[in-house]
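One structure below.
Derivation of every value follows stated rules applied to the coordinates shown; laboratory data play no part. A quick note: this is a predicted structure, and the numbers were derived from the prediction, not measured. Positions of Cβ are backbone-derived with ideal geometry, glycine not excepted, and every protein chain shown enters the neighbour counts.
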Amino acid sequence: MRVSWWIPWLLMVALIAACDDGADPDGVMVGAGCGGGGTIPGDDDTGGDDDDAGDDDDTGDDDASDDDTGDDDTGDDDTGDDDSLDCENLPSGPVPFSVMYGPKATEDMAFDDQGNVIGADNGNLFQSTYNGSFQMYLPNAGGFIAGLRALPTGEIVYADVSSGTMFRVDKSGVKHAVLSGLQYANGLEVDLDGMVYAAEQDGGRVRRIDPWTGDYDIVADNLMNPNGVSFSPDYRTLYIGSFGEGSILALEFDEHGNPGELTPLVTNHGNGLLDGMGVDACGNVYVCEYIEATVWRISPDGQVVEPLIELGSETDWIPNMQWGSGYGGWAEDRLYVLDISANKMYEAQVGVPSKYRAYP
């Protein structure tokens, strides 16, 4: 198991503080609190380096917000509480939404740092702007493309269900096969070290995959149709949704990244067809429900389950969602929900950004 990148980084910060009589390091500040694609001013290198994600500049600076809060708890990992958030007074559902036409994405999407959203349609990858214009990003990417996420380097990983393969697209636009033999890898999630968590719906498991080497381990097994996956703000709990069972399970990881026991967050929810998932900066869990076309918000303890965005009048299939990046008009405190139609999505003001993401 790899040693987390933030331990030697924190030692370095402590030495600098001792030498500089407590002065803050220059040029290191995470934007937008703990949410929705915060950026690191002064660090323009978003990747292109296929080395270990733990060495990437974008992930190595993730503890910068500790300088502002004075909280030296290494468990925070720059994913802790943001004093500007009012987590007790978020908008109640159902919240209003607007329909957006133009952006090309169907099953899943990821944002870059240039104001684009990247998604798949008919086996190709496209990048689209907020105003709806789009261009080809990667032709002939695969067949049926499901999960898609951005790595801390800015590279894209996606699951081609048709071939059972996860691919990585480097910054020059070249795709690389990472791992084959996946059984309907539907949901993808990326941790702060760049490891990819793939929920195999037909395999009943979640794999943790190194997107540069293809090495993997299985962190959860014997699951019922695992679909959506998303980490908590501290990246110590992975939420796993079931497409058919209506449950969301919580998988805890220890400080060394070892998975523990699965515990239920919710069970027998709705019609049972739970699809894509996300987690906000307050730790609330969001899940798309198939056919009902409702985005549900669930409190971190699972006690409050609320219909937040009701889209049944527009569609019956909302596969996934992402918070905006803060670039190019994609607002950080708005949730962008995909319609299975390639050129349609929904924008909803949810009053809170995403949990911290290493990119963009």
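Can you give me the long-range amide H partners of ARG205? Hydrogens built in the peptide plane at 1.01 Å from N, cutoff under 5 Å, separation of 5 or more residues or another chain.
Correct list: GLU200, LEU223.
Using only the Cα atoms of region 206-360, what semi-axes does the equivalent ellipsoid have when each is the square root of 5 times a gyration tensor eigenvalue? Give whole Å, largest first. Show your work: numbers first, answer last.
Values: eigenvalues 117, 73, 47 Å².
So the equivalent ellipsoid measures 24, 19, 15 Å along its semi-axes.
Quick one: what are the phi-derived ³J(HN,Hα) couplings along region 111-127, Karplus 6.51/-1.76/1.60 with θ = phi - 60°, whole Hz, x for glycine and proline?
Per residue, the Karplus-derived 3J(HN,Hα) values read 9, 9, 9, 10, x, 10, 10, 10, x, 10, 7, 6, x, 10, 9, 10, 10 Hz.
Through the Karplus equation 6.51 cos²θ - 1.76 cosθ + 1.60, θ set to phi - 60°, convert the phi angles of region 251-262 into ³J(HN,Hα) values in whole Hz; use x for Gly and Pro.
Those phi angles translate into 10, 8, 10, 7, 5, 9, x, 7, x, x, 7, 8 Hz.
Could you give the nm distance between label points at ASN268 and GLN349, where each point is 7 Å from its Cα heading toward the beta carbon?
Each label point lies 7 Å from its Cα, and together they span 3.9 nm.
Give me the percent relative contact order of region 107-198, please, defined on Cα pairs under 8 angstrom at least 6 residues apart.
Once divided by the residue count of region 107-198, the mean separation gives 19 percent.
Whole-Hz Karplus ³J(HN,Hα) for region 352-359, in order, using 6.51 cos²θ - 1.76 cosθ + 1.60 and θ = phi - 60°, x for Gly and Pro?
Rounded to whole hertz, the list is 7, x, 5, 4, 4, 10, 5, 8.
Applying 1/(1 + (r/R0)^6) with R0 = 35 Å to the Cβ-Cβ distance of SER98 and ASP301, what FRET efficiency is obtained, to the nearest 0.05?
Computed FRET efficiency for SER98 and ASP301 comes out at 0.65.
Suppose a student asked you for the relative contact order of region 202-252, using Cα pairs under 8 Å spaced at least 6 residues apart; what percent would you report?
On the way: 85 pairs, mean separation 13.4, N = 51.
Value for region 202-252: 26 percent.
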